[in-house]
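Read through the structure below, which is laid out as C-alpha cells, and then see the notes.
The values are calculated or read from the model by the stated rules, or taken from the named source; none is laboratory data. All values derive from a computational prediction rather than experimental measurement. Here the Cβ positions follow ideal geometry from the backbone for every residue, glycine too, while neighbour counts run over all protein chains shown. Note: accessible area is taken over every heavy atom of the protein model, side chains too, but ligands, DNA and RNA are not part of it. Shrake-Rupley method; radii C 1.70, N 1.55, O 1.52, S 1.80 Å.
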Amino acid sequence: QKKKLLEELGENRLPYLTPADADFHHLWKTKYSKLIFRKSDTVPEELHEMVQKGFLTLREHDCFFQDLVRIKGKDFLTPVSRILIGNPGCTYKYLNTRLFTVPWPTEGYDIKYCSPQIHDACKALTKLNDYLHIEAVKTLQGQNSFETKEIKDTAVIDREQSFATSLVEQGSVSKDQSSACVPEDDSISLKNRTSYNLTLLNYMDPLQMLYLKQEPYFGMGNMAVSWHHDENLLERSTVAVYNYSCEDSAVEESGEEGVKGRDPAVWHVGLKVAWDIETPGLAVPLHQGDFYLMLDDLNMTHQHCVLAGLSPRFSSTHRVADCSRGTLEYIFGQCELALQNLQTDSESRALSLKSLETAVVKQAEEIHNEVEFEWLRQFWFQGKRYLKCTDWWLKPMAELEEFWRKMEIMTSLVLSEVRKEQPIEEQRNETISCFLLVLKERQKLRKEWAAR
C-alpha cells in the first residue's frame, strides 16, 4: 500500500506546513492539538545546564550505541545512537530489540557507576524526568479543565437554542459528553499516564552520516528517524521529548536552500495523521532546550518522524513503558513459576519432575524460551555496552542463567520420559505433541540468533 501510494504521488507530494505558513497554527489547533510545544526559556536554566552537561558526559564516555534492530526478518543498524536510562531492572523493547536500563540513582538500590561523572549524568536525567512529569500533569489538567468548560458552555447554548428538548434527553447528552472527555479518576489517571519509568536518549551527528533516508510523503528532506508510532507504551500515556541540538551561529545563519518549506539546517519533528493522505503534515523546528509533549492517544492516531538538521543533536525521550512483561521482577516470577515443577530427592539429591501434565510442561518450556530469547540472548547480543556505565546487570543476568540451566535439566527430564517404551496414552500423547512444538520453536530461534 505504501509503495503504491508513493508511485501515485510521484513528484506531487502531499503538502506540509511550518510555522512560517499562514495556516500552520489553525492546522495545529484542529488536527494536532495533542502536540504541546514549549520553548527553552520556559525551562529553568540550572536544569538546562545539568542535562546538557550530562549528554556531553555520556558521549565523552562512549555510552551511545547504534542498535541492531530487526524489521521483517532483516537486521538494520539504526542511524541514531542510543542509551536507555531509567528504573532499575526495567527494559524497553522496540523493533525486536530489548534495551536494558542503565539505572538512574534510586533510593534502596546499590548502583555502582563507572565514574562520578556518569552518576551525575544519570542523576541529571532523573531531575529532567521529574520536571517533565510535573509539566505533563499540569498540561493534562489544563486541557481537562478547558474541555470541561467547553462542554458546559456548549450545553448552555444547546439548552437556550433547544428549550423544548426533554429533560431526559438533556440528561443523557450531558452524561455522554462528560464521560467522553473527563477521566474517571483524574489524579490516578494523570499519575499513571505521566509517571515516566525510563528515558531513551538519542544522539546523532548528521555530518558523520554517509546516507540519510529522504522523507517520502511530503518531501521534508533528510530523516534521522523514519515515520513511526512509539512502541511498548502504557495506553494513552504521554511521551515527553527534550531537545538539545548543538547549534552554532554558522548553522543558525546558514540560510541553506534546497528543501521547500523548512530550513534544512534546523532539526524538526514531523507529524502526520496516520493513514490519512489529505491532511497536511507538520514540521516543527527544534532548538536547543525546547521540549514537546505528545498527549493522550496522539501516539496511536498520529505518526511522527525526526528530520535532521546540520548540527549534532541529543534528545531525551521520556516514556511510560508497558513493563508488564519487561522487568526483572516479572521474569524472576516466571522462573519461580516454572521451577515449581522441579523437585530434588532428599536422599539421592536426584532431580525429577512433579508433573507431566500438558499444561504444566507447556508453561515451563514457554518460560524457558522467554528467559533464553527475550532476556539472556537479548542482553549478551548487545555485548558489554552496559559496562561502559555500570555493572549493575551482571548479577541478575547470572541469576537468570542459573534458572535457565535448571530449565534445561527440566527439558532433559521430559525427553527422558518421552523416550520410555510404554503405551502412549491420549494425555501423554498430547503432552509430547505440545512439548515438541515448543522445542521446534526453540530450535528455530536458536538458528536465527546464531545467524545474527
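Numerical summary
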quantity: Of residues in segment 41-69 being in contact with an Asp or Glu (Cβ under 9 Å, 6 or more places away or on another chain) and open to solvent by 40 Å² or more (accessible area, probe 1.4 Å), the one farthest from Lys127 (Cα to Cα); calculated: Leu68
quantity: Residues satisfying the stated conditions in segment 257-273, i.e. modelled with pLDDT of 90 or more and either out of contact with any helix residue (DSSP H, G or I) (no Cβ under 8 Å at 6 or more places or on another chain) or open to solvent by less than 20 Å² (accessible area, probe 1.4 Å) (or both); calculated: Arg262, Asp263, Pro264, Ala265, Val266, Trp267, His268, Val269, Gly270, Leu271, Lys272
quantity: Any hit, segment 345-359, residues being open to solvent by 40 Å² or more (accessible area, probe 1.4 Å) and part of a helix (DSSP H, G or I); calculated: yes
quantity: Filter result for the condition that a residue is of a type outside the set (A, V, I, L, M, F, W, C) and touching a residue at least 60 places away in the same chain (Cβ under 8 Å), over Gln378, Gln363; calculated: Gln378
quantity: In segment 200-218, residue modelled with the lowest pLDDT [restricted to those that are of a type in the set (A, V, I, L, M) and exposed (fewer than 13 other Cβ atoms within 10 Å of the Cβ)]; calculated: Leu210
quantity: Residues that are among the β-branched types (Val, Ile, Thr) and assigned to a loop (DSSP other than H, G, I, E, B), drawn from segment 296-330; calculated: Val320
quantity: Hey, Lys395 of a type in the set (Lys, Arg), more than 27 Å from Leu439 (Cβ to Cβ) and free of Cβ contacts under 8 Å to residues at least 60 places away in the same chain or not; calculated: yes
quantity: Residues of segment 226-245 that turn out to be open to solvent by 30 Å² or more (accessible area, probe 1.4 Å) and either among the β-branched types (Val, Ile, Thr) or closer than 23 Å to Gly289 by Cβ (or both), as a count; calculated: 0
quantity: Residue in segment 351-366 that is among the aliphatic types (A, V, I, L, M), touching an Asp or Glu at 6+ places or on another chain (Cβ under 7 Å) and assigned by the TED database to the domain that holds Leu400 present; calculated: yes
quantity: Flag for Cys335 being buried (at least 16 other Cβ atoms within 10 Å of the Cβ) and part of a helix (DSSP H, G or I); calculated: yes
quantity: Close pairs (9 angstrom Cβ cut-off, 6 or more residues apart or separate chains): free of Cβ contacts under 8 Å to residues at least 12 places away in the same chain in segment 425-452, in a helix (DSSP H, G or I) and aliphatic (A, V, I, L, M) anywhere; calculated: Leu436/Val418
quantity: The one condition in (1) at pLDDT below 95; (2) open to solvent by less than 30 Å² (accessible area, probe 1.4 Å); (3) β-branched (Val, Ile, Thr) that Val371 fails to fulfil; calculated: (1)
quantity: Some residue of segment 12-26 being open to solvent by less than 20 Å² (accessible area, probe 1.4 Å), over 28 Å from Lys127 (Cα atoms) and assigned to a helix (DSSP H, G or I); calculated: yes
quantity: Answer from Leu387, Leu400 - the residue that is in contact (Cβ under 8 Å) with a residue 24 or more places away in the chain, open to solvent by less than 50 Å² (accessible area, probe 1.4 Å) and assigned to a helix (DSSP H, G or I); calculated: Leu400
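Listed here are the residues, each with its yes/no results for (1) over 26 Å from Trp393 (Cβ atoms); (2) not in a helix (DSSP H, G or I).
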| position | (1), (2) |
| --- | --- |
| His48 | yes, no |
| Gln52 | yes, no |
| Leu58 | no, no |
| Asp62 | no, yes |
| Leu68 | no, yes |
| Phe76 | no, yes |
| Ser81 | no, yes |
